[in-house]
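Reading through the structure tokens given below for one structure.
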Amino acid sequence: MKEHVFDRYLRPEKLKTMWCPGCGNGIVLQAIIRALDESGADPDKVVVVSGVGCSSRAVNYLNTCGLHTNHGRPIAYATGVKMANPALTVVVITGDGDCTSIGGNHFIHGCRRNIDLTVVVVNNDNYGMTGGQYSPTTPLDAMTKTSVYGSYEPPFDVCELAAGAGATYVARGLTYYPVQLKNVILNGIRHKGFSVIDAMSDCTSLYGRLNRLGDAPTMMKRWEEKAVPLAKARTLPPEALAGKIVYGEFVRSDARREYTEKYAEVIRRAQEV
Amino acid sequence: MQGDRILTGNEACTLGALAAGMNFFAGYPITPATEIAELSSELLPKRGGTYMQMEDELASIAAVIGASTAGAKAMTATSGPGFSLMQENLSYGMIAEIPCVLIDVMRQGPCQGVATVPAQGDFMQSRWGTHGDHPVIVLVPNSVSEAYTETIRAFNLSEAYRTPVIVLSDATLAHMSEKVRIPDVSELTIVNRKKPTCDPKDYLPFSNENHQIAPMASFGDGYRWFVSGIVHDDTGFPVTNRPEAIRDSLDHLLGKLRDHLADIESYEEYRAEDAEILILSAGLVSRSAKSAIDRARARGVRVGLFRPVTLWPFPEARFSALCARAKTVMTVEMNGGQLAEVAAKYVDRDQTLRPVTQNDGTIIRAETIFDAILEVC
Amino acid sequence: MSEQHYEMRFGGSGGQGMMLMGDVMAQAAGIQEGKEVVLLKSYGPEARGGACRSELITDTEAVNYPALTRPDFVLAMSQLACDSYTADMDRENGVLLTDAELVHTVPADVKHAYAIPLTRIAREETGRPITANVVALGAISVLSRGAGEDAVRAAVLSRFPEKLHAMNLKAFNAGAAAARALL
């Protein structure tokens with residue numbers, strides 16, 4: 001029997017996952033697996049680093065090297081891994097809270113350094129593991145356990161944040177479009193530089209329930225209305241994009257040198273002195 | 001490089017680390033530890049190593065631990081405020097059993113305190129600063145020479161026992177220069193972590209049988225192992241629902257040091273054998289105690305020093321043996337009396353405990369200690 | 001602390017090379033002569049302008065206390081340094097060396113006070129006032145017990161690239177000669 005890609009990349013003894021029925025994490029995980037497989041990376045040379053949160057648990061199921069770190073810190077740990085051995089393919093799985101709140105500083109500095117990491121931000125608009133509190137990406141007026149009168153904090157746009165801080169590959173995908181999601185993760189892995197993929201996902205049992213978004217299939221269906229591909233978005237007036245989520249590749253640039261390459265140059269310079 | 005050199009404490013820590021094989025440093029500038037970062041940034045790339053200036057201290061120790069999982073011998077250096085920030089990820093290194101070295105150059109006071117003057121306020125933070133309960137190895141040099149040799153030993157212990165090791169320096173030791181004998185490389189004992197040789201499918205990165213230290217693969221070596229900050233079994237994967245597995249995992253952290261105390265502990269005794277007054281002191285200030293002891297001995301006072309170089313685990317067997325013979329136990333320390341709290345455990349009701357503490361950013365003078373000795377003898 | 005315990009302080013203003021003086025004297029005493037040394041430097045904003053200093057303790061035995069208690073020798077290259085750094089020195093047996101042109105008021109109760117126009121000598125000998133600290137090192141090697149003349153000279157030369165040796169040697173020897181003339 002032909003080996004399935006999941007057989008190569010999952011640890012069957014660690015399944016089933018701890019995620020709720022209808023959660024988007026599984027779709028993101030399969031997209032990461034397919035992207036890694038298509039990238040041709042040797043699984044022995046792949047290190048997946050995660051922080052704390054529901055999506056970060058993905059690293060427990062992957063048959064690669066895994067580094068399940070502290071809340072908010074995976075990019076900082078991954079930076080050390082990559083610098084110690086630049087030949088490794090290093091993928092970070094992080095959540096919206098992990099990455100843009102408690103880990104916000106590490107995130108923007110990773111972008112600024114342009115170190116060759118692929119950061120998949122599994123963005124489900126709330127803190128799921130702790131029971132559904134609002135996060136830095138929770139939309140205004142959305143209901144969460146700590147915004148029971150509607151969220152009153154303006155949200156971050158993960159892609160704008162990454163682009164502004166200097167990431168050289170920035171894209172958004174959705175669990176509703178798993179092939180497109182896999183493709184942007186694959187492009188991120190192939191890109192030599194700091195890659196950020198904002199993976200829009202659904203938290204059905206908390207965010208969905210608190211905002212009366214229906215069951216999992218209904219929640220997913222809403223992306224048909226809400227999600228606009230970048231090429232189309234560019235043709236639309238701003239008012240037509242109100243409340244929409246634009247997906248696609250926002251930044252793909254080779255203009256800046258990658259950090260480990262830059263540091264190799266520092267070593268050369270130091271050794272010449 | 002070898003031969004006598006005049007070095008500052010910070011230079012000695014850096015050169016000691018390099019001699020031990022440090023090839024990765026990540027840090028964040030902070031007085032009075034900055035020169036360790038500066039010198040590392042200059043010397044590491046010359047040897048093909050990596051210096052990284054991180055965005056904060058959280059990231060510094062995180063990158064150090066990350067680099068170590070990929071095979072690097074990694075170090076960071078900081079002072080009180082940064083040491084506080086590092087506690088979170090330090091605890092990761094402890095539970096995940098990742099070797100690395102952290103130098104804390106102690107400065108005065110809580111919060112920003114006084115950045116430029118020495119203190120010994122972090123003795124207890126180095127022991128209990130992280131959450132949860134785990135043992136820790138902390139080394140306290142009292143000279144620039146020891147800053148060199150103890151930094152090497154810190155790397156060796158961290159590699160041998162797969163654990164972060166802390167070196168406590170202070171603002172004066174960091175910036176003062178003394179003569180250091182730099183040995184030839186062939187004279188140095190350098191310990192490197194044991195690597196697995198088994199078939200990857202049989203590899204147990206956290207096996208803890210008899211508190212032996214499991215071999216540690218580097219990411220990319222062909223062993224697809226998993227590292228977690230969650231309590232784990234010998235495979236590294238979480239076990240959070242079996243009390244006996246939780247116990248075994250945490251017991252191992254204690255046991256792996258407890259079963260090797262003879263190798264880990266080091267201390268100095270100075271005229272302590274027959275001491276009726278036993279002084280407990282660590283770090284630079286212990287040298288003032290020696291001067292005071294010489295003066296008091298000249299007057300016939302039987303006083304001596306016990307100086308833990310390994311502050312934690314505290315070398316209690318020898319200390320308590322010396323304590324048992326003393327009438328008075330005196331601590332000499334630059335804080336509010338943290339060693340006195342340690343000593344209290346070993347002092348009986350018929351013995352006196354006399355802390356000599358000074359918390360003003362200056363090194364306690366021999367005269368102060370001498371006067372205290374005369375008061376109690 | 002032995003009979004040979006000796007405490008020195010080198011004071012001036014930022015840019016006069018006081019840190020280098022400490023380095024050279026520590027090298028001379030510690031490496032060339034094999035003594036125990038503790039070298040201390042003022043760090044931080046203190047070292048950038050205003051009075052700054054480095055301090056050296058030499059001994060034949062281990063130095064236990066890493067600070068001066070009663071300096072046996074003080075160099076003052078500026079009035080501010082002289083005012084700031086002489087209060088605790090040994091009045092009876094200690095030696096104070098000042099730059100004769102830059103320091104006008106010296107404490108009257110210091111028995112062994114020497115004034116040498118260090119900066120002027122530097123200008124005359126090398127054309128470079130910056131070498132005043134090397135002139136001072138020459139004088140110190142004669143006037144102090146920190147380290148002997150040969151050791152200090154060797155330490156000075158070890159600090160500079162070969163092409164600067166002649167100039168610094170000239171400065172050093174002029175300083176030593178000026179000091180000998182006062183004894």
>> Checking the structure you have, find out if any residue of the stretch B:167-175 is open to solvent by 10 Å² or more (accessible area, probe 1.4 Å), more than 14 Å from chain C (Cβ to nearest Cβ) and out of contact with any Phe, Trp or Tyr (no Cβ under 8 Å at 6 or more places or on another chain).
In response: no
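Select the helices (runs of 4 or more DSSP H) contained entirely in the stretch A:182-273, then report the ones holding at least 1 residues which are under 21 Å from the mean Cα position of the chain (by Cα) and within 21 Å of residue A:163 (Cα to Cα).
A:230-233, A:259-272
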>> Pull out all pairs, ordered by first then second residue, where Cβ-Cβ is under 6 Å, the residues are six or more apart or on different chains, the first lies in the stretch A:55-68 and is part of a strand (DSSP E or B), and the second is among the charged types (D, E, K, R).
In response: A:65/B:224
>> among the charged types (D, E, K, R), closer than 21 Å to residue A:68 by Cβ, open to solvent by 40 Å² or more (accessible area, probe 1.4 Å) and assigned to a loop (DSSP other than H, G, I, E, B): is that true of residue B:234 in this structure?
In response: yes
> Here are some residues: C:99, C:83, C:88, C:109. Which one is farther than 28 Å from residue B:171 by Cβ and open to solvent by 10 Å² or more (accessible area, probe 1.4 Å)?
Replying inline: C:109
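Residue by residue, here is whether (1) of a type in the set (S, T, N, Q); (2) open to solvent by less than 30 Å² (accessible area, probe 1.4 Å) holds:
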{"site": "A:17", "(1), (2)": "yes, no"}
{"site": "A:44", "(1), (2)": "no, no"}
{"site": "A:48", "(1), (2)": "no, yes"}
{"site": "A:71", "(1), (2)": "no, no"}
{"site": "A:76", "(1), (2)": "no, yes"}
{"site": "A:90", "(1), (2)": "no, yes"}
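Name every residue in the stretch A:236-273 that is away from chain B (no Cβ under 14 Å), open to solvent by 80 Å² or more (accessible area, probe 1.4 Å) and closer than 15 Å to residue A:192 by Cα, in order of residue number.
Within the stretch A:236-273, A:252, A:254, A:255, A:256, A:257 meet the criteria.
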>> If I ask for residues that are modelled with pLDDT of 95 or more and facing chain B (nearest Cβ under 8 Å), which ones from the stretch C:35-52 would you list?
In response: C:36, C:37, C:38, C:39, C:40
>> Considering only residues that are surrounded by fewer than 24 Cβ atoms within 10 Å (Cβ to Cβ) and facing another protein chain (nearest Cβ under 10 Å), which ones fall in the stretch A:92-103?
In response: A:102
> Take the residues of the stretch C:59-75 that are in contact with a Ser or Thr (Cβ under 8 Å, 6 or more places away or on another chain) and open to solvent by 10 Å² or more (accessible area, probe 1.4 Å): which is farthest from the other protein chains (Cβ to nearest Cβ)?
Replying inline: C:72
>> Need a quick list: strands (runs of 3 or more DSSP E) entirely within the stretch B:44-108 having at least 1 residues that are within 19 Å of the chain's Cα centre (by Cα).
In response: B:74-78, B:100-106
>> Just checking, does the stretch B:183-193 include any residue being within 24 Å of residue B:101 (Cβ to Cβ), part of a loop (DSSP other than H, G, I, E, B) and either more than 27 Å from the chain's Cα centre (by Cα) or without any contact (Cβ under 8 Å) to a residue 60 or more places away in the chain (or both)?
In response: yes
> Which residues, counting only those in the stretch B:22-47, are away from every other protein chain (no Cβ under 12 Å) and open to solvent by 30 Å² or more (accessible area, probe 1.4 Å)?
Replying inline: B:29, B:38, B:39
> How about the stretch B:263-284: which of its residues are within 23 Å of residue B:133 (Cβ to Cβ) and either open to solvent by 60 Å² or more (accessible area, probe 1.4 Å) or free of Cβ contacts under 8 Å to residues at least 60 places away in the same chain (or both)?
Replying inline: B:263, B:265
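The values are calculated or read from the model by the stated rules, or taken from the named source; none is laboratory data. Bear in mind the structure is a predicted one, so any value in this text is a computation, not a measurement. A quick note on method: Cβ atoms are made from the backbone with ideal geometry, for glycine too, and the neighbour counts reach across all protein chains shown. For the accessible areas, the whole protein counts, side chains as well, though only heavy atoms, and no ligand, DNA or RNA atoms are used. Shrake-Rupley method; radii C 1.70, N 1.55, O 1.52, S 1.80 Å.
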